[in-house]
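Colleague: Input: one structure, supplied below.
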Amino acid sequence: MYEADDKMISIIADNYDTLQSLGRFGINLGFGDKTVREVCEHQQVDTYTFLAVVNFTINGSREFDQELLSIPTLLHYLKASHDYYLNFQLPFIRKQLVDALDVNDSLAKLIIKLYDEYAQEIHLHMEYEEQTVFPYVDHLLNNQVDENYDIGTFSKNHSKIDVKLRELKNIILKYLPSDMRHNNQLTATLYNLYINEEWLLNHAMVEDFLFIPAISYLERKFKQNDVSVKISKMISQENSEQLSKREKDVVICIVQGMSNKEVADHLFISVNTVITHRRNIARKLQIHSPAGLTIYAIVNNLVDISLVKL
């Protein structure tokens, strides 16, 4: 487990796979003997989130608190990962394949075609995230919610996209003949394909086990805040239009089962005045039924529940 006070260079020496994470977080090299905390703070990267991703991808650790993860930092990491994969890794491996194969050979052409189909799938998958998922999260961070979408929709459709890659590796291993002149190039390309597959798996797992749960937590928090705001507004409205003493008297009479005529006689007012009071009560409380008024009266201590006929 790597910690904030560990030297960054020591972590890289311990596991050079950490190098891949540095670029995704926007951390530049040349940090000397600074600790992880010092490097992250200097380069404006959330230390907790950096360590959560590194410890998860390197050591498989899930000992992190979703509430402490920085979603903007995770977003930056995922967007930079897409840029690296789409604009560097995929073209780089394709060039390696072309250099390692005889492009005039029919089988070699089919290999390239299979790789291009795989690359297209990756492009579509990541474009969906960039055009739908990431903007949705940006809106959430700005306190804007899309009631027609949630991160669960993305989670359900977060399908595996490495089937073609696995098929490509197996075909090269099992069926593709190569002479010694191209064998070293092909072996190096295969090695990169394996690394490529592992990188993609780690990327998907960061989304599944860090990003999606963090967004789910943000959604729940947003909904709780939204409910709290609505309740506060309701309370505010209710307090701004509290019932008058006479209106409370009318409510008590209604709860006791009196008709409008009986209420009028009991309070020494006209039936029309009772009707007006009832209309105002319904407008203020948004309660129209005797049962609803009974609940209101009990909760607000206008009547004793023991005296109410239920």
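Colleague: Let's test the formula: R0 of 35 Å, r as the Cβ-Cβ distance of S289 and F268. What FRET efficiency results, to the nearest 0.05? Don't skip to the end; give the middle numbers.
Modeller: Details: r = 26 Å, r/R0 = 0.75.
Efficiency, from the Cβ-Cβ distance: 0.85.
Colleague: Run through segment 27-62 and list the chymotrypsin sites (Phe, Trp or Tyr not before Pro) located in a DSSP loop whose Cβ has at most 16 other Cβ atoms within 10 Å.
Modeller: Passing both the DSSP loop test and the Cβ count: no residue.
Colleague: How far apart, in nm, are two points set 7 Å out from the Cα along the Cα-to-Cβ line at Q43 and at N87?
Modeller: Distance between the two pseudo-spin positions: 1.8 nm.
Colleague: Moving to a separate point now. Quick one: of K109/K156; K261/K284; K95/K164, which pairs are farther than 26 Å apart, Cα to Cα?
Modeller: Going by Cα-Cα distance, K109/K156 fall outside the 26 Å limit.
Colleague: Ordering E262, E127, E197, E247 by how much accessible area each has at a 1.4 Å probe, largest first, what is the list?
Modeller: Per-residue accessible area, sorted high to low, gives E262, E127, E197, E247.
Colleague: Can you give the extra length, in nm with one decimal, that the chain gains between R220 and Y191 once fully stretched, where that is 0.36 nm per residue apart less the Cα-Cα distance?
Modeller: 6.2 nm
Colleague: Once the piece of chain linking A4 and N28 is laid out straight, how much longer is it, given 0.36 nm per residue of separation minus the C-alpha distance between them?
Modeller: Working: separation 24, 0.36 × 24 = 8.64 nm, distance 1.73 nm.
Full-extension gain reported as 6.9 nm.
Colleague: Running a GNM on the chain with Cα contacts under 10 Å, which residue among K245, K223, K79 ends up with the highest mean-square fluctuation?
Modeller: Greatest mean-square fluctuation among the candidates belongs to K245.
Colleague: If you scale each eigenvalue of the Cα gyration tensor by 5 and take the root, what three semi-axes come out for segment 18-136, rounded to whole angstrom and sorted largest first?
Modeller: 35, 18, 12
Colleague: Restricting to DSSP H runs of at least four residues, report the calculated mean residue ellipticity at 222 nm for the chain, -39500 (n - 2.57) per run over all residues, nearest 500 deg cm²/dmol.
Modeller: Rounded to the nearest 500, it is -21500 deg cm²/dmol.
Colleague: Rg and Dmax of the chain, using alpha carbons, in Å: what are they?
Modeller: Considering the chain through its Cα atoms, Rg and Dmax are 32.7, 111 Å.
Colleague: For segment 84-153, what is one quarter of the convex hull surface built on the Cα atoms, given in nm²? Display every interim value, and only then the final one.
Modeller: Numbers: hull surface 24.3 nm².
The directionally averaged projection comes out at 6.1 nm².
Colleague: Choose one of I275, H125, S106: the residue whose Cα lies farthest towards the positive end of the charge dipole of the chain (beta-carbon charges +1 Lys, Arg; -1 Asp, Glu; about the Cα centre).
Modeller: Result: I275, furthest along the dipole toward the positive end.
Colleague: Rank D65, D102, D265 by mean-square fluctuation in a GNM of the chain with C-alpha springs under 10 angstrom and give only the top-ranked residue.
Modeller: The residue that fluctuates most here is D265.
Colleague: Something else: At a probe radius of 1.4 Å, what is the per-residue accessible area of I269, in Å² to the nearest 10?
Modeller: 40
Colleague: If you build a Gaussian network model of the chain, linking Cα atoms that sit under 10 Å apart, which residue out of D116, D249, D99 swings the most?
Modeller: Fluctuation is largest for D249.
Colleague: Report the accessible area of H277, computed with a 1.4 Å probe over the heavy atoms of all protein chains in place, in Å² rounded to the nearest 10.
Modeller: Estimated to the nearest 10 Å², H277 gives 30 Å².
The values are calculated or read from the model by the stated rules, or taken from the named source; none is laboratory data. Every value quoted in this text rests on a predicted model; they were computed, and no experiment measured them. Cβ atoms come from the backbone with ideal geometry, glycine included; neighbour counts cover every protein chain shown. To get the accessible areas, we keep the full protein, side chains included, count just its heavy atoms, and leave off ligands, DNA and RNA. Shrake-Rupley method; radii C 1.70, N 1.55, O 1.52, S 1.80 Å.
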